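Since the structure comes first, as structure tokens, the remarks are kept for the end.
The values are calculated or read from the model by the stated rules, or taken from the named source; none is laboratory data. Note that this is a predicted model, so its numbers are computed, not measured. Using ideal geometry, Cβ is built from the backbone for each residue, glycine included, and neighbour counts are taken over all protein chains shown. Surface accessibility is based on the protein's heavy atoms, side chains included, excluding ligands, DNA and RNA. Shrake-Rupley method; radii C 1.70, N 1.55, O 1.52, S 1.80 Å.
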Amino acid sequence: MKFTLSWLKEYVDTRDLSPEALAEQLTMLGLEVEGVTELFPELQTLRTAKVLSVGPHPNADKLHLCEVAVGDATYSIVCGAPNVRENLITAIALPGTVMPDGTKIKPSKVRGIKSNGMLCSERELGLSDSHTGIMELPEDTDHGQSLLQALGLDDLLIEVDLTPNRPDCASVIGIAREIAGITRSELTLPVAETEIKHTNGQFSVDIEDSEICPRYAARLIRNVRIEPSPWWIQKRLLSIGMRPINNVVDITNLVMMEYGQPLHAFDFDTLEGKQIIVRKPRANEKNFTTLDGEERTLEPDMLMICDAAKPVAVAGVMGGLDSEVTDKTVNILLESACFNAVSIRRTARRLNLPSEASYRFERGVDPGGCATVMERAVSLLCEVAGGDAVEGGVDMYGGKRPFNSQTIRISRTSALLGIDLDYDKIADALQSIGMQCKPKNDDTIWVLAPTFRIDIEREADLVEEVARLIGYNNIPTSLPKVRLSYPEQQPQRQIRSRAADLLVGMGFSEAINYSFTTSRHLSMMMLADDDIRRKQVALLNPLSEEQSVMRTMLLPGLLENLKHNINFQKNSVRLFEIGKVFTPRGKDEQPIETEQLTGLLSGRRYGEASHLYFNEENVDFFDAKGVIEELLQQMRLQDCGKKDAVSFRIPDTAEVENYEDPSQCLILDSGNGTLGRLARLQSEVARNFGIKQDVYIFDINFQLLCTLTQTDRHFRSLPVYPAVKRDIALLIPEHVQAGDILETIRSSKEKFIEHCEIFDVFQGKSLEKGIKSVAVSVTYRSPTKTLTEKNVNKSHTKIINTLISEFNGSLREG
């Protein structure tokens with residue numbers, strides 16, 4: 001919203017507020033001032049000049065030699081304007097002046113004669129499109145003064161950024177009302193509130209649906225003269241960036257900016273049947289030509305203003321070419337209406353026709369002010385355009401709503417704002433902006449909001465008004481009283497954060513995908529037709545087909561992420577996601593939401609690390625297993641009690657998912673049920689997602705993970721005595737699981753065993769069929785002494801004998 005300071009002062013006394021203070025006050029009222037700038041700064045160096053004499057140019061028939069006075073100085077100017085004459089007061093750009101288009105005026109020779117400046121037209125000054133001659137100023141204008149001062153443009157332009165809920169401030173009077181509220185001064189209005197009391201029988205108005213057109217008022221003005229507007233109107237419009245057109249159109253624009261109520265003038269003689277019908281397009285009305293000459297395609301729900309035969313305007317957006325006011329117009333029908341905000345917004349967007357009128361209708365105009373605004377425009381048309389206003393008119397107000405009556409509690413307002421208030425203070429604040437107040441009881445005030453405040457809907461809105469008008473700066477600042485206690489943290493959130501940090505530390509990146517996905521993903525995952533995950537929650541209004549259902553798996557989204565990385569030549573990827581999957585229940589029931597932790601590894605084991613330090617090896621199944629083991633160990637879940645113990649096992653054939661490689665698959669079990677799984681992704685599934693390299697995946701029920709009991713932390717001092725390592729190379733049947741060997745060692749009662757791990761598993765031609773070699777490293781240490789060879793050999797021999805006996809194995813020679 002743009003307005004000038006002088007325009008604002010016509011309606012309210014600003015009480016000597018400086019422009020800076022005024023901007024600050026408006027901002028504190030919730031009307032953020034974006035800028036306070038001088039009008040037409042590019043014209044500040046121009047002056048007024050008086051033509052003293054005009055003579056012919058010796059070398060050009062269409063040029064004139066002029067002597068002009070600028071204050072006490074006289075200049076010789078070569079001018080080609082046809083309207084230059086003696087005693088004409090005009091605008092001059094002296095040498096050194098930079099014109100609005102960037103041209104710098106210099107003394108120059110024109111056909112051999114020196115010219116010391118330029119006499120300017122309105123177009124050259126950016127004030128209008130007129131270029132028929134140089135600018136003509138009133139004869140009583142003093143020459144030598146600033147052109148801006150002579151034109152009354154030595155003013156400040158204030159631009160306010162409005163919020164959508166304050167359409168009443170999309171007008172100069174609306175801004176003035178806010179200033180009157182803080183200065184407690186009277187608001188001066190151009191016309192008093194009025195009504196159209198008599199019906200004019202020379203035309204009729206019919207509204208087919210009062211829901212989308214609550215009010216439509218119209219008056220007839222005859223014998224108007226179409227001509228340029230007087231300068232005071234043009235000045236108002238130019239100052240806010242609007243182009244003057246003619247007196248009738250300029251008056252409708254001026255009053256719209258003044259009151260915030262858009263108006264439209266029809267050429268009355270072009271209206272067939274002398275009738276206005278507010279309706280939607282008929283089936284055969286497909287196209288309409290607007291004022292800008294563009295043919296627009298109409299849709300069935302667009303609101304139109306029509307005469308007895310055809311549409312003549314797009315309601316609230318733009319008028320039609322056939323009914324516009326032209327130089328030949330004599331009689332006009334003036335419209336002042338209120339339209340449904342949603343309908344106008346939808347129409348303006350579809351037609352791509354934003355305008356000052358649609359801007360106001362989209363936010364909501366004052367339905368109670370249509371007649372008053374009409375009266376203001378009619379009085380100006382009679383004064384400026386010489387029109388004769390026909391008595392009476394038509395005012396259809398079928399959508400009139402009940403009075404907007406609200407209540408505000410004094411105690412509640414005081415508690416919310418933190419200050420002591422009484423009836424007088426609250427009533428004074430609200431009445432200063434046009435609201436009516438009277439006491440309902442000792443603690444409650446009855447408030448009648450005016451029709452232009454369509455944003456007042458409940459008590460909280462009134463409390464906000466009181467706060468604004470009292471001044472936020474006048475509300476004391478106090479810190480809230482809070483307990484000095486550490487806030488309780490949600491355990492599941494802490495575990496989630498811990499798990500994410502651990503995975504990031506292991507080289508993973510966290511992905512966050514949309515919960516909306518496509519049902520095609522499940523077919524790409526090769527899920528069985530009867531798989532419960534194929535039952536998905538469908539969205540009623542999806543953004544696209546690719547986001548039409550709620551996900552039942554996190555893995556497809558991660559595979560899409562992997563493909564995206566590979567397409568950008570990032571082949572070594574480690575990703576994980578912690579998110580919810582959704583399983584539908586009944587028709588009117590919310591789906592079951594389960595939180596999962598899913599991850600994948602693919603590409604080189606050491607990522608983008610230099611080959612100078614690492615071999616170029618790809619990740620394998622044991623990398624994925626190591627990630628899970630490290631995660632469980634760091635979260636103190638790997639060695640928890642029997643109830644929550646987590647263990648790996650090879651799945652039965654029926655337990656293997658269609659997208660998993662049966663030869664590389666493990667299931668994680670816990671005392672509370674299946675915790676998760678890890679596997680190599682089937683190559684066919686990977687190809688379905690456009691991936692041509694091996695992918696290893698893990699999927700954990702994160703909700704179940706959060707229920708497991710962690711082992712307690714125990715302090716253990718650093719070892720003082722040295723450790724002894726011994727290796728065991730054991731030949732065992734190939735069906736024996738290597739993990740069982742470690743479990744047997746750990747469960748033995750040998751007190752010196754500190755740690756054991758498998759460092760090699762071998763099968764090959766050098767071994768008998770059905771036999772494999774497993775190499776185990778065992779670490780021995782005593783917390784109280786240095787172990788002797790005898791101590792270690794004794795324990796180590798017992799371990800070897802136990803393993804040979806338990807697994808029907810033998811030591812590997814050599």
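Things worth noting here:
- Hits in region 319-333 (condition: without any contact (Cβ under 8 Å) to a residue 40 or more places away in the chain and either under 18 Å from Pro354 (Cβ atoms) or crowded, with 19+ Cβ neighbours inside 10 Å (or both)): Gly320
- Filtered residue count, region 415-436, keeping only those that are open to solvent by 20 Å² or more (accessible area, probe 1.4 Å) and over 29 Å from Ala371 (Cβ atoms): 12
- Residue that is nearest to Leu153 (Cα to Cα) [pool: residues in region 42-82 that are outside any strand (DSSP E or B) and of a type in the set (A, V, I, L, M)]: Leu43
- All of Leu291, Leu263, Leu238 fail the test of being closer than 26 Å to Asp395 by Cα and open to solvent by less than 40 Å² (accessible area, probe 1.4 Å), apart from Leu263.
- Scanning region 504-534 for residues that are surrounded by fewer than 13 Cβ atoms within 10 Å (Cβ to Cβ) and in a loop (DSSP other than H, G, I, E, B) yields Ile512, Tyr514, Ala528, Asp529, Asp530.
- In region 458-473, the residues that are closer than 19 Å to Ala180 by Cβ reach residues that are polar (S, T, N, Q) and open to solvent by 60 Å² or more (accessible area, probe 1.4 Å) with C-beta atoms within less than 9 angstrom, at least six apart or across chains, in these pairs: Gly471/Gln25.
- Among (1) farther than 23 Å from Asp129 by Cα; (2) open to solvent by 10 Å² or more (accessible area, probe 1.4 Å); (3) of a type in the set (Asp, Glu), the one test that Glu258 misses: (2)
- Near pairs, Cβ below 7 angstrom, 6+ apart or cross-chain, from region 15-37 (assigned to a loop (DSSP other than H, G, I, E, B)) to any residue that is of a type in the set (Asp, Glu) and open to solvent by less than 40 Å² (accessible area, probe 1.4 Å): Leu29/Glu178; Leu31/Glu178
- Only one of the numbered conditions (1) more than 21 Å from Leu291 (Cβ to Cβ); (2) among the basic types (Lys, Arg); (3) within 35 Å of the chain's Cα centre (by Cα) is violated by Lys235, and that is (3).
- All conditions but one from (1) closer than 20 Å to Phe648 by Cβ; (2) surrounded by 15 or more Cβ atoms within 10 Å (Cβ to Cβ) apply to Asp740; the one that does not is (2).
- Restricting attention to region 743-777, the residues that are hydrophobic (A, V, I, L, M, F, W, C), in a strand (DSSP E or B), open to solvent by less than 30 Å² (accessible area, probe 1.4 Å) and in contact (Cβ under 8 Å) with a residue 40 or more places away in the chain add up to 3.
- Taken as a whole, the structure leaves Lys62 outside the set of residues that are in contact (Cβ under 8 Å) with a residue 12 or more places away in the chain, surrounded by 14 or more Cβ atoms within 10 Å (Cβ to Cβ) and basic (Lys, Arg).
- Test: residue in region 443-456 that is among the charged types (D, E, K, R), open to solvent by less than 80 Å² (accessible area, probe 1.4 Å), more than 30 Å from Ile179 (Cβ to Cβ) and assigned to a loop (DSSP other than H, G, I, E, B): yes
- Val68 vs. criteria without any contact (Cβ under 8 Å) to a residue 40 or more places away in the chain, open to solvent by less than 50 Å² (accessible area, probe 1.4 Å) and not hydroxyl-bearing (Ser, Thr, Tyr): no
- In region 277-296, the count of residues that are in contact (Cβ under 8 Å) with a residue 12 or more places away in the chain, within 23 Å of Ser379 (Cβ to Cβ) and out of contact with any Lys or Arg (no Cβ under 7 Å at 6 or more places or on another chain) is zero.
- Qualifying residue in region 559-578 (condition: more than 19 Å from Phe689 (Cα to Cα), open to solvent by less than 90 Å² (accessible area, probe 1.4 Å) and at pLDDT 95 or above): yes
- The set of residues in region 541-552 being open to solvent by 20 Å² or more (accessible area, probe 1.4 Å) and of a type in the set (A, V, I, L, M) consists of Leu543, Met550.
- Residues satisfying the stated conditions in region 658-688, i.e. farther than 16 Å from Ala624 by Cα and either in contact with a His (Cβ under 9 Å, 6 or more places away or on another chain) or open to solvent by 40 Å² or more (accessible area, probe 1.4 Å) (or both): Asn658, Gly671, Asn672, Thr674, Ser683, Glu684, Arg687, Asn688
- Residue that is modelled with the lowest pLDDT, among those in region 658-681 that are of a type in the set (D, E, K, R) and within 17 Å of Gly739 (Cα to Cα): Asp669
- Scanning region 334-358 for residues that are surrounded by fewer than 19 Cβ atoms within 10 Å (Cβ to Cβ) and within 23 Å of Gly293 (Cα to Cα) gives Arg345, Arg346, Arg349, Arg350, Asn352, Leu353, Pro354, Ser355, Glu356.
- Qualifying residue in region 509-516 (condition: free of Cβ contacts under 8 Å to residues at least 24 places away in the same chain and aromatic (Phe, Trp, Tyr)): no
- Residue in region 579-618 that is surrounded by the most Cβ atoms within 10 Å (Cβ to Cβ), counting only those that are farther than 21 Å from Val504 by Cβ and of a type in the set (Asp, Glu): Glu593
- Answer residue from region 661-706, given it is assigned to a helix (DSSP H, G or I) and free of Cβ contacts under 8 Å to residues at least 60 places away in the same chain and is nearest to Phe576 (Cα to Cα) among those: Leu704
- Residue within region 481-493 that is open to solvent by 60 Å² or more (accessible area, probe 1.4 Å), free of Cβ contacts under 8 Å to residues at least 12 places away in the same chain and not in a loop (DSSP other than H, G, I, E, B) present: yes
- Applying the set (1) more than 19 Å from Val778 (Cα to Cα); (2) out of contact with any Lys or Arg (no Cβ under 9 Å at 6 or more places or on another chain) to Asp740 leaves exactly one unmet item: (1).
- Among residues of region 619-647, those that are at pLDDT 80 or above, crowded, with 16+ Cβ neighbours inside 10 Å and either over 44 Å from the mean Cα position of the chain (by Cα) or not in a helix (DSSP H, G or I) (or both), counted: 5
- Ile454 being more than 30 Å from Asp206 (Cα to Cα), aliphatic (A, V, I, L, M) and at pLDDT below 95: no
- Taken over region 149-163, the criterion of being over 28 Å from the mean Cα position of the chain (by Cα) and either of a type outside the set (Gly, Ala, Ser) or surrounded by fewer than 18 Cβ atoms within 10 Å (Cβ to Cβ) (or both) is satisfied by Gln149, Leu151, Gly152, Leu153, Asp154, Asp155, Leu156, Leu157.
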